[in-house]
Amino acid sequence: MQQFFTRSSWIREGKVYLEGPDVNHIKNVLRMRSGEEVQISDGAGMIYRCSVNSYEDGKAVLNIVEELKSDTELPSRIYLFQGLPKGDKMDWIVQKAVELGVYRVIPFSARRSIVKLDEKKAKKRQERWQAVAKGAAEQSKRGTMPVVEKVRSFEEALRTAEGLDVVMIPYELEEGMGETAKVIDSIEPGQSVGVFIGPEGGFEKEEIDLAVRFGAVPVSLGKRILRTETAGLTTLSILMYHLESRSHSL
């Protein structure tokens, strides 16, 4: 069943009133008619199974058939701090990170970041990445809407992560998987987790030292050197398995 997101203010008196581009998609692309069903999320954990009532004044009016609490969210909030990559790699990273359950994506500029964005370009990129996140959240039936935040400097990103319970930073020069296993095994459902991924070329030693001073733990992802678009998704996959298996056993 196709899913869309809506604002909580558009849900009232047993109906959902959709506005904007999603109306055109439902009406003219999917060609949904009266009585056909669609799934709506309020972006805050509630799912509504709805049937099409009518189209009027540029809106889609949907009857609420059933209300459900979403069960697709991870038991912890995962924050992906992603060093700006080249080209359109960030689109792909955002899409897959959302599918894997990330809560927030925070892009940052590191010393080895090739891409340099001024304020205007950074805002436009953020808007595009948020649109990618929305599409991925709908496709993967997320109960909340992951947010792609504004581009930060590396130090600003570290300050953003200060309040999180666990912060890890995969680093190619870190040896052995012992610390990685120790950090991941210590994470309990309900804790907030930050993951810092460097851009192409990775982190400089001074950046790792700064991250450690902010409380981040350097970890290894194995003996192979992973691309920036692989490292974050590898870490998220490990965390998804750990958290969902740990939550299931409680």
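The values are calculated or read from the model by the stated rules, or taken from the named source; none is laboratory data. Given the structure is predicted, the values throughout are model-derived calculations rather than measurements. A quick note on method: Cβ atoms are made from the backbone with ideal geometry, for glycine too, and the neighbour counts reach across all protein chains shown. Ligands, DNA and RNA are stripped out before the accessible areas are found, and what is left, the full protein with its side chains, is counted by its heavy atoms. Shrake-Rupley method; radii C 1.70, N 1.55, O 1.52, S 1.80 Å.
Structure values in brief
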| read-out | value |
| --- | --- |
| The chain - charge dipole about Cα centre, Lys and Arg +1 at Cβ, Asp and Glu -1, debye rounded to 20 | 680 |
| Which of 235, 93, 126, positive extreme of dipole for the chain (C-beta unit charges) | 126 |
| Accessible surface, per residue, of the chain when the full set of protein chains is kept, probe 1.4 Å, Å² | 51 |
| Built amide H within the under 5 Å cut-off of residue 5, gap 5+ | 41 |
| For the chain: relative contact order, % (alpha-carbon pairs under 8 angstrom, 6 or more apart) | 20 |
| Span-like helix ranges in the chain, DSSP H, alpha carbon extent 27 angstrom or more, Kyte mean at least -1.0 | 228-249 |
| Accessible surface, 1.4 Å probe, highest first, among residues 92, 10, 129 | 92, 10, 129 |
| Part-to-part distance (alpha-carbon centres) for the range 53-110 and the range 181-250, which is given in Å | 20 |
| Cα centre as origin, Lys/Arg/Asp/Glu Cβ charges: the range 193-250 dipole, Debye | 260 |
| Alpha-carbon Rg/Rh ratio, for the chain, with Rh computed the Kirkwood way | 1.03 |
| Length-normalised contact order of the range 133-250 in % [C-alpha pairs under 8 Å, at least 6 apart] | 31 |
| Relative compactness, the range 166-244, computed as alpha-carbon Rg over 2.2 N^0.38 Å | 1.03 |
| Beta bridges per DSSP with both ends in the range 1-144, % antiparallel, nearest 5 | 75 |
| Relative contact order (%) - the range 110-172, alpha-carbon pairs under 8 angstrom, separation at least six | 31 |
| Charge dipole magnitude, Cβ of K and R +1, D and E -1 - the range 81-215, Cα centre, debye nearest 20 | 860 |
| FRET efficiency, 1/(1 + (r/R0)^6) with R0 30 Å, evaluated for residue 128 and residue 206 via beta carbons | 0.45 |
| Computed [θ] at 222 nm, deg cm²/dmol, the chain (DSSP H ≥ 4; -39,500 (n - 2.57); rounded to nearest 500) | -10500 deg cm²/dmol |
